[in-house]
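Okay, so here's the structure we're looking at.
The values are calculated or read from the model by the stated rules, or taken from the named source; none is laboratory data. This structure is a prediction, so every number in the text was calculated from the model and none was measured. Note: ideal-geometry Cβ built from the backbone for every residue, glycine included; neighbour counts use all protein chains shown.
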Amino acid sequence: MALPDILRNIGTALDRVENYIDGVDTTFNPKNTLNGIRISLTTVRGHMQRHAQDAINLQGQLNTAHNLLNNANGQINNFFNDMANVRNECLRRAQLLTIAYNNEAND
């Protein structure tokens, strides 16, 4: 049974108990109705606890995903830095080779 239905049934049961107390309807045993309300509230509490635990688990998964994303971004940034360093080293070597060539050509 869905949670809204359970809550609606609790409301109906409380109305019946109120009618019993007011003397409007004394054709049932209110103890049975109150026990039904207790069982329904226990069911609702179980649903709420499961949903709360699911939310906690999702938060943990979100934190893990966030950490993985940060780690991946860090690795990408390191890769870009490494590529820039390689490019700069290649340009430096090309300049040195050009200078060496020009020196050799001028001698």
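Is it the case that GLN59 is of a type outside the set (Gly, Ala, Ser) and farther than 26 Å from GLY11 by Cβ?
On the way: of a type outside the set (Gly, Ala, Ser): yes; farther than 26 Å from GLY11 by Cβ: yes.
Considered against the rule, which asks whether it is of a type outside the set (Gly, Ala, Ser) and farther than 26 Å from GLY11 by Cβ, GLN59 comes out as yes.
Looking only at segment 17-55, which residues are within 41 Å of the chain's Cα centre (by Cα) and in contact (Cβ under 8 Å) with a residue 12 or more places away in the chain?
Passing the criteria: THR33, LEU34, GLY36, ILE37, SER40, LEU41, THR43, VAL44, HIS47.
For THR64, state whether it is assigned to a helix (DSSP H, G or I), modelled with pLDDT under 95 and within 30 Å of the chain's Cα centre (by Cα).
Working: assigned to a helix (DSSP H, G or I): yes; modelled with pLDDT under 95: no; within 30 Å of the chain's Cα centre (by Cα): yes.
No; evaluated as a whole, the condition is false for this residue.
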